[in-house]
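Dropping a structure here in structure tokens format, bear with me for questions.
The values are calculated or read from the model by the stated rules, or taken from the named source; none is laboratory data. Just so it is clear, the model here is predicted, and its values are computed rather than measured. So basically every Cβ, Gly included, is an ideal-geometry build from the backbone, and we count neighbours across all protein chains shown. When the accessible area is computed, the model is the full protein with side chains, heavy atoms only, and any ligands, DNA or RNA have been set aside. Shrake-Rupley method; radii C 1.70, N 1.55, O 1.52, S 1.80 Å.
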Amino acid sequence: MSESKQHPEENKKDKLNREDTTDVVTKRKNIRKKEDRIVGKIILVIALTLLIVGCVLGVTIYRYVDSGLKPLDASNDQLVSVEIPSGSSNKQIGEILEEDKIIKSGIVFNYYTKFKNMTGFQAGFYQMAPNMTLDEIGKQLQEGGTSEPTEVADGKITIPEGYDIDQIASRVEKITGKEKQEFLDLMNDQSFFNELQQKFPDLLESAAKAENTKYRLEGYLFPATYDYYKDMSLKDLVLQMVNKTNTVLQPYLTKIKQQNHTVQEVLTIASLVEKEGVSEADRKNIANVFYNRIAADMPLQSDISVLYALGEHKELVTYEDTAVNSPYNLYTNLGYGPGPFNSPSEDAIQAVLEPTQNDYYYFVADIATGDVYFAKTYEEHMELVDKYVNK
């Protein structure tokens with residue numbers, strides 16, 4: 001079969017067609033590359049825009065939250081009457097406080113109280129000021145207000161948990177301007193104590209029988225926030241504090257008697273537990289360690305007792321300190337001692353009345369972390385001391 005031969009002109013046309021096709025492909029590729037570059041730039045711009053918006057939004061939210069966590073006006077202590085209706089949620093309470101110009105943000109209050117697991121807020125009438133922190137407000141809401149609105153107070157006196165009478169006196173002087181010594185003299189006024197005992201016989205019966213106490217009312221001035229009026233006497237202020245202790249302890253009085261304890265003993269151990277432990281679990285174990293030692297006729301050997309005997313507040317207790325001559329020194333004296341060493345919280349009181357049963361006789365806290373370690377024997381205890389204290 002003979003081969004067909006292509007005409008030279010046809011070869012030329014085919015070549016031109018192939019070249020044209022190549023040019024078209026090349027042009028299309030160039031166009032795509034250009035389009036890809038444009039799209040890439042658009043995506044980059046969008047991404048950068050979103051990043052900037054995100055950063056601005058993040059900073060804005062951070063500043064909003066940070067601002068909401070601070071008092072509305074740290075320099076304004078003017079009290080305002082606030083009503084919290086029954087059944088109010090944390091969110092609704094936050095809205096009320098923001099509307100009454102007590103806090104900056106009801107939203108921040110809502111989430112903060114949930115994050116801190118603040119519960120048990122009570123309905124009632126409260127007196128609050130724009131300089132109060134969210135923690136102070138939350139604590140006051142947990143303590144409860146009044147069923148009826150009261151005259152707006154001239155100020156608030158907050159007694160922190162674990163404060164002793166000397167510290168309370170200093171705080172009262174700072175806020176009311178009344179002399180610290182005047183408050184301390186009232187604490188040693190037997191006739192005033194007798195008046196209180198008549199009002200609160202069940203509460204103060206064992207305190208009245210205690211011997212060698214520095215202050216008979218030590219431990220009975222409940223840590224809480226109290227209203228203060230300029231024309232209020234120190235007796236009226238102390239009456240508020242003792243009445244609060246009586247109110248808190250009323251549900252526990254039967255259990256205290258059933259356990260063959262006195263109020264004085266319970267408050268004494270609770271005042272030690274208040275300072276020695278932080279978590280509920282640790283406090284309940286520590287309370288039982290103290291009871292184990294008392295049952296075994298061992299001294300409680302609490303540094304808190306030594307510091308109270310010394311009248312000092314410091315981090316470490318020396319060997320010489322533990323030899324201080326005082327009935328409050330529970331290194332050298334057996335039993336409970338004269339009485340409480342500070343004003344314990346209800347949580348500490350509950351831990352003492354519901355201790356975790358154990359067979360420990362020693363405990364030590366890691367100074368750095370606050371973790372508490374328990375031991376059955378002195379040898380085990382000293383190993384823990386070397387590991388967590390002497391390190």
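What percent of all Cα-Cα pairs in the range 155-250 falls into each 5 Å bin, going from 0 up to the bin containing the maximum distance?
All Cα pairs considered, the percentages come to 2, 13, 27, 27, 20, 9, 2, 0.
Moving on. Return the calculated 222 nm mean residue ellipticity for the chain, to the nearest 500 deg cm²/dmol, obtained by summing -39500 (n - 2.57) across DSSP H runs with n ≥ 4 and dividing by the residue count.
Computed mean residue ellipticity for the chain: -17500 deg cm²/dmol.
Compute the accessible area per residue over the range 107-150, keeping the other protein chains in place, probe 1.4 Å, unit Å².
With the other protein chains kept in place, the range 107-150 gives 50 Å² per residue.
Over the range 238-391, what lengths in whole Å, largest first, do the semi-axes of the equivalent ellipsoid take, defined as the square roots of 5 times the eigenvalues of the alpha-carbon gyration tensor?
Equivalent ellipsoid semi-axes, largest first: 25, 18, 15 Å.
If the elastic network links every pair of Cα atoms under 10 Å, which of Lys314, Lys29, Lys180 fluctuates the most in the Gaussian network model of the chain?
Among Lys314, Lys29, Lys180, the largest mean-square fluctuation in the Gaussian network model of the chain belongs to Lys29.
Tell me, what % of the accessible area of the range 330-380 is carbon and sulfur with a 1.4 angstrom probe?
Roughly 47 percent of what the probe reaches on the range 330-380 is carbon or sulfur.
Treating the angle as unsigned and between 0 and 90°, give the value, to the nearest 10°, between the Cα long axis of helix 106-115 and the longest Cα principal axis of the chain.
Once rounded, one gets 70 degrees.
Further question: By how many degrees, between 0 and 90 and to the nearest 10, does the Cα long axis of helix 8-69 differ from the longest principal axis of the chain?
Roughly 10 degrees, rounded to the nearest 10.
Identify all aspartates and glutamates with a Cα-Cα distance to Lys29 below 17 Å; exclude those on the same chain that are fewer than 8 residues away in sequence.
Reachable aspartates and glutamates: Glu19, Asp20.
Mind putting a number on the dipole of the chain about its Cα centre? Charges go on the C-beta only, +1 for Lys and Arg and -1 for Asp and Glu, and I need it in Debye to the nearest 20.
2540 debye
Moving to a separate point now. For the chain, with the dipole built from +1 on Lys and Arg beta-carbon atoms and -1 on Asp and Glu ones, taken about the Cα centre, which of Thr356, Ser105, Thr176 lies farthest toward the positive end?
Selected residue: Ser105.
Right, another one. Which shape class applies to the range 94-204: rounded if a/c is under 1.5, otherwise prolate when a/b exceeds b/c and oblate if not, where a ≥ b ≥ c are the square roots of the Cα gyration tensor eigenvalues?
prolate
While we're on this one: Placing +1 on the Cβ of each Lys and Arg and -1 on the Cβ of each Asp and Glu in the chain, which of Asn243, Ala74, Phe192 has its Cα farthest towards the positive end of the resulting dipole?
Ala74
Using DSSP to call loops (not H, G, I, E or B), can you name the GluC sites (Glu not before Pro) in the range 88-184 whose Cβ has at most 16 other Cβ atoms within 10 angstrom?
Filter output for the range 88-184: Glu151, Glu179.
Which value in Å does the Kirkwood hydrodynamic radius of the chain take, with 1/r averaged over all unlike C-alpha pairs and then inverted?
Computed over the chain, the radius equals 26.0 Å.
Taking the chain as a Gaussian network, where each spring joins two C-alpha atoms under 10 Å apart, which residue of Gln258, Gln181, Gln142 fluctuates the most?
Looking only at Gln258, Gln181, Gln142, the biggest GNM fluctuation is shown by Gln258.
Ignoring ligands, DNA and RNA, what percent of the 1.4 Å accessible area of the range 155-250 is carbon and sulfur?
It is 41 percent, rounded to a whole number.
Compare Leu72, Leu221 by solvent-accessible area with a 1.4 Å probe and give them largest first, with all protein chains kept in place.
Leu72, Leu221
State whether the range 80-143 is rounded, prolate or oblate according to the following rule on the C-alpha gyration tensor (a ≥ b ≥ c being the square roots of its eigenvalues): a/c under 1.5 gives rounded; otherwise a/b larger than b/c gives prolate, and the remaining case gives oblate.
rounded
Also, I was wondering about something else. Given R₀ = 45 Å, what would the calculated FRET efficiency be for Lys174 paired with Ile61, taking r from the Cβ atoms and rounding to 0.05?
0.75
Holding the Cα-Cα limit at 30 Å, pick out from Lys70/Lys230; Lys101/Lys275; Lys199/Lys230; Lys114/Lys178; Lys235/Lys275; Lys255/Lys275 the pairs that are longer than that.
The answer is Lys101/Lys275; Lys114/Lys178.
What is the percent carbon and sulfur in the accessible area of the range 80-143, measuring with a 1.4 Å probe over the protein chains and ignoring ligands?
It is 49 percent, rounded to a whole number.
Of Asn131, Asn243, Asn76, which has the largest mean-square fluctuation in a 10 Å C-alpha GNM of the chain?
Looking only at Asn131, Asn243, Asn76, the biggest GNM fluctuation is shown by Asn76.
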